[in-house]
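Accompanying notes for the structure given below.
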Amino acid sequence: AQSWLVGSMSAMQLSTSNTFLQTEARPELRGRVVSLYVWIFQGLAPVGGFAAGWVAQHAGVPPAILGAGSLCLLAGGALSLVPAERSSTAHREQLEREPIGRRYTARGNAGGASDGRTGSP
């Protein structure tokens, strides 16, 4: 029963993080942000698994889990001290002030401008 709960919460966290990053990243940086996200969560997972396995083998499973949880709390605490460049509210206000035809979208011309602009920066 616990594995179902952990799996469900993990899937929810991953999809929520992915959605948040793609909706809050500036359009010109969205690809870089998503690639960094994928690299961190999928590219570094084997490294973390190897380290956790080594600690579990030498110190036991409870210390390995405690150590991994402590590292997550430390990283979260450290990141909470980093000031944000700008709030999402300020970013949305800036987007609302921009002419729609200048916004970049995957479809190209977001605002329907008839002057041949594609909307890309």
Long-range neighbours under 6 Å by Cβ, at least six apart or interchain, first residue in contact (Cβ under 8 Å) with a residue 12 or more places away in the chain within the stretch 40-53, second of a type in the set (A, V, I, L, M) and in a helix (DSSP H, G or I): Ala52/Ala64; Ala52/Ala68
task: Would you point out the residue of the stretch 72-92, among those that are open to solvent by 90 Å² or more (accessible area, probe 1.4 Å) and more than 21 Å from Ala25 (Cα to Cα), that is modelled with the lowest pLDDT?
output: Cys72
Residues being open to solvent by 80 Å² or more (accessible area, probe 1.4 Å) and more than 12 Å from the chain's Cα centre (by Cα) - total across the stretch 5-41: 5
field: Failed item in (1) open to solvent by 50 Å² or more (accessible area, probe 1.4 Å); (2) modelled with pLDDT of 90 or more, with Ala52 passing the rest
entry: (1)
- prompt: Looking at the stretch 1-32, which of its residues are under 22 Å from Ala45 (Cα atoms) and small (Gly, Ala, Ser)?
  reply: Ser3, Gly7, Ser8, Ser10, Ala11, Ser15, Ser17, Gly31
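The values are calculated or read from the model by the stated rules, or taken from the named source; none is laboratory data. Quantities reported herein were computed from a predicted structural model and do not represent experimental measurements. Don't worry about glycine lacking a Cβ; one is built from the backbone with ideal geometry, like all the others, and counts go over all protein chains shown. Surface areas here come from the heavy atoms of the whole protein model, side chains and all, with no ligands, DNA or RNA. Shrake-Rupley method; radii C 1.70, N 1.55, O 1.52, S 1.80 Å.
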